[in-house]
Amino acid sequence: MKSLILTAATVLVVLLMQYTGTAQDKDNEIRNSKFTIVIHGGAGTISKSLPDSIKQAYLQSLKEALTIGKNILAEGGTSLDACQKVIEYFENDPKFNAGRGAVYTAAGTHEMDASIMNGKDLSCGAVAGVEHIAHPIDLARLVMERTPHVLLAYQGAEKFAEQMGMKLMPQSYFDTQERYKQWQEYKKKLEEGNHGTVGCVALDEYGNLAAATSTGGMTNKMPGRIGDSPLIGDGTYANNKTCAVSCTGWGEKFIKHTVAFNVSALMKYRGYSLKKAADEVIYKMLDPEDGGLIAVDKKGNYAMPFSTSGMFRGVATSKGVFTVDIWK
Ligand code: ASP
């Protein structure tokens, strides 16, 4: 009798799973067919008179990055892997201020920051001030998975990278003509001209959220300056109970307002929707022109508010949404 009830229960569960389109993955998590991924390639002053060839090149890169993440999620990959691979793509693309295309410090060097967070268990890892790492996001993930720490910086981070078998790159690897020109122009006009920090947030088919951010920081920053991007709760945050967030903009302001965590806190403690929480932080807590963020919640809702003239961004969902954009 007992075994009959057990068999009947098993059949019922299998039927239910077929009906709801769910399946069990290798880690025993329920897999449904719902995912969302949102990416950004930085917010800032992006002129609408950008030459068409440059505009098209940016849109193409956004599409390629989005496709990488979308395919990982559609094939049952995790949100964490999707975020990491999207960021890796951007870190190879000199158009973006991360990895290869990192901006210049006031000393003419490159110092990069990155972070990654898993909303499933709040595990996270970050690196700051690294100067010889082609993929700071990969090092951030290693910090998360292979050390008892959350944030490693400067020589300590690079020593750890070497121990992990990562190749250290010469600083010249990060020298690009476009960034050099931007740095010279910045010094002449003393006005902000950098954008191109990159970020990704995702909800995977197991219902897990993740967020990742990578940057070269602000053009002409003081050597040693660390922005919001590697700081968990400021530039990056993910919690399955609320949302995943990646920020871009004037880092000091994002730190002062604990932006990424505040989006989550408004949802948790005030019961705000994702959109309301994200809008509140970008349009009310921060000042105009401070920047923007991307966010996704556990239901797959997404938000991409920004108060600058533009933000390179894109979104793809299991429901067939696939868009990339620069201006409002
Ligand atoms: N938030 C980054 C920083 O302050 C820069 C950016 O997003 O453009 O380092």
For ASP287, all conditions in the list (1) in a helix (DSSP H, G or I); (2) within 15 Å of the ligand (Cβ to nearest atom); (3) surrounded by fewer than 20 Cβ atoms within 10 Å (Cβ to Cβ) hold save one; what is the number of the exception? (1)
Determine the pairs where a residue that is small (Gly, Ala, Ser), located within the range 219-230, has a partner that is more than 12 Å from the ligand (Cβ to nearest atom) with Cβ atoms under 9 Å apart, the partner being 6 or more residues away or on another chain. GLY224/TYR154; SER229/ALA126
Would you check which residues across the range 197-224 are among the charged types (D, E, K, R) and more than 16 Å from the ligand (Cβ to nearest atom) and list them? ASP204, GLU205
Of TYR269, TYR302, the only residue that is open to solvent by 50 Å² or more (accessible area, probe 1.4 Å) and farther than 20 Å from ASN118 by Cβ is TYR269
Looking only at residues that are open to solvent by 10 Å² or more (accessible area, probe 1.4 Å) and among the hydrophobic types (A, V, I, L, M, F, W, C) in the range 81-119, which one is nearest to the chain's Cα centre (by Cα)? ALA106
With the requirement that a residue be polar (S, T, N, Q) and either farther than 17 Å from GLU205 by Cα or touching a strand residue (DSSP E or B) at 6+ places or on another chain (Cβ under 9 Å) (or both), what does the range 59-101 give you? GLN60, SER61, THR67, THR78, SER79, GLN84, ASN92, ASN97
Collect the residues in the range 133-168 that are small (Gly, Ala, Ser) and within 23 Å of the chain's Cα centre (by Cα), keeping them in residue-number order. ALA134, ALA140, ALA153, ALA157, ALA161
For the range 127-153, which positions are assigned to a helix (DSSP H, G or I) and either within 16 Å of the ligand (Cβ to nearest atom) or farther than 22 Å from HIS40 by Cβ (or both)? PRO136, ILE137, ALA140, LEU142, VAL143, GLU145, ARG146
Mind checking which residues of the range 110-126 are under 17 Å from ALA295 (Cα atoms), small (Gly, Ala, Ser) and not in a strand (DSSP E or B)? GLY119
Scope the range 243-266; condition farther than 16 Å from GLY44 by Cβ, touching a strand residue (DSSP E or B) at 6+ places or on another chain (Cβ under 8 Å) and open to solvent by 30 Å² or more (accessible area, probe 1.4 Å); matching residues: PHE261
Let me spell it out: the conditions are (1) open to solvent by 10 Å² or more (accessible area, probe 1.4 Å); (2) over 24 Å from LEU73 (Cβ atoms), and GLY227 meets all of them except one. Which number is the exception? (1)
Would you confirm whether any residue within the range 225-236 is within 9 Å of the ligand (Cβ to nearest atom) and in a helix (DSSP H, G or I)? no
Any idea which of (1) out of contact with any strand residue (DSSP E or B) (no Cβ under 8 Å at 6 or more places or on another chain); (2) within 12 Å of the ligand (Cβ to nearest atom) is the one MET169 doesn't satisfy? (2)
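The values are calculated or read from the model by the stated rules, or taken from the named source; none is laboratory data. What you see is a predicted model, and the numbers here were worked out from it, not measured in a lab. All Cβ positions, glycine included, derive from the backbone under ideal geometry; neighbour counts span all protein chains shown. The protein model used for the area step is the full one, side chains on, heavy atoms only, and it has no ligands, DNA or RNA in it. Shrake-Rupley method; radii C 1.70, N 1.55, O 1.52, S 1.80 Å.
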